[in-house]
1. Just checking, which of 153, 61, 133, 80 is among the basic types (Lys, Arg) and in a loop (DSSP other than H, G, I, E, B)?
2. Which numbered condition in (1) within 16 Å of residue 235 (Cβ to Cβ); (2) buried (at least 21 other Cβ atoms within 10 Å of the Cβ) is the only one that residue 148 fails?
3. Which members of the range 204-225 meet the condition of being open to solvent by less than 50 Å² (accessible area, probe 1.4 Å), out of contact with any Pro (no Cβ under 8 Å at 6 or more places or on another chain) and either farther than 20 Å from residue 241 by Cβ or among the hydroxyl-bearing types (Ser, Thr, Tyr) (or both)?
4. Any residue in the range 246-262 that is outside any helix (DSSP H, G or I) sitting within a Cβ distance under 9 Å of a residue that is of a type outside the set (Phe, Trp, Tyr) and open to solvent by less than 40 Å² (accessible area, probe 1.4 Å)? List the pairs, counting only those 6 or more apart or interchain.
5. Is it true that residue 272 is touching a Ser or Thr at 6+ places or on another chain (Cβ under 8 Å), crowded, with 20+ Cβ neighbours inside 10 Å and either at pLDDT 85 or above or of a type outside the set (A, V, I, L, M) (or both)?
6. In this structure, does residue 199 turn out to be under 20 Å from residue 272 (Cβ atoms) and either among the β-branched types (Val, Ile, Thr) or exposed (fewer than 14 other Cβ atoms within 10 Å of the Cβ) (or both)?
7. Provide a single number: the residues in the range 55-67 that are exposed (fewer than 12 other Cβ atoms within 10 Å of the Cβ) and more than 30 Å from residue 260 (Cβ to Cβ).
Amino acid sequence: SKMAEVLDEIWMFTKKQCINRPSLTIFIGLTVTTVTYYLTCVVKKPLLITGSRSYADFLQRRCPVLVQQYYPTVWCFTSRVHTIVCAILSDLMTTFKKLPCYRRDVLPTPDGGEIHLDWLDHHGNGHHDNRTRPIVVILPGLSGHSGSGYVIRLAQGAHNKGYRSVVFNFRGTNGTKLKTSMFYCAADTTDTQHVVSYIRKLYPDAPLMAVGASLGGMILFNYVAKYGKDCGLVAAMVASMPWDAAKTTESLEEPVNWLLFNTSLVRGLRRDILLNREVFDKDSRVDVDHIFKRVHVTKSIRSRFLYCA
């Protein structure tokens, strides 16, 4: 048939090109291998783990994407490459794009400190009025803040849905100075409870939700676990949250992860600590010099700073 003749001609042409051009053979081989690996090993349905079958059925009904095949970006489907590319794109976005029109709200704390809340208000949506407009509280990751690329996307995503979003900048981040030596850590939910109570008083009729990323997810998870039904939230979501902080820290100390991720996290922490050094130097529990003596400082910060400050 004509189709068979066409396919035979294509095969003979390809074979001839591969013989004459070894580099083309290598390219085709790599392409076929990559595509095969992508389709057989990368493309999968999300793994859903729940406490009960009824809850799993509820999530699958409300979130159809959970039962669909997930196709990661073809040209950067591995987790490390995905993270690096997203970080680069986020930096470019924050460099060349203006920040959202946040409204700064400085919240005093009982111990004399300050929490800076950055609101992205929404007006004019017919589905909600200002009294009942849903609110999303965003808790950034380690050394993250309202100017971080992923935080901006979360805030704008909520805004696009007609919600009001507010970024909970942890103490001493986003270029703000500490009033006391109280910093932030995953085990302490005091500030989170204070922020939620404050927002509930401001908008008692508005549904309040929260989303936490990485360390922010750990704080949010601990908060919901501690207060349960009395947490003041109608929904909460955590993303990229370590399940075991100690093992996560050890993983970050491994050579590849240290080079790709740890150095960036440490750079952000050093920036925030140096900005507030005069406050920490007054606290005998914090040895800032010891922290900066080490090249791999994550463990040192965790053991001597985050948990004691």
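The values are calculated or read from the model by the stated rules, or taken from the named source; none is laboratory data. Bear in mind the structure is a predicted one, so any value in this text is a computation, not a measurement. Backbone-built Cβ (ideal geometry, glycine too); neighbour counts: all protein chains shown. Quick note on the areas: whole protein, heavy atoms, side chains included, nothing else; ligands and nucleic acids left out. Shrake-Rupley method; radii C 1.70, N 1.55, O 1.52, S 1.80 Å.
1. It is 133.
2. With (1) within 16 Å of residue 235 (Cβ to Cβ); (2) buried (at least 21 other Cβ atoms within 10 Å of the Cβ) applied to residue 148, the lone miss is (1).
3. Residue satisfying the conditions is 223 alone.
4. The qualifying pairs are 253/262; 253/298; 254/262.
5. The answer is yes for residue 272.
6. no
7. Final tally of qualifying residues: 5.
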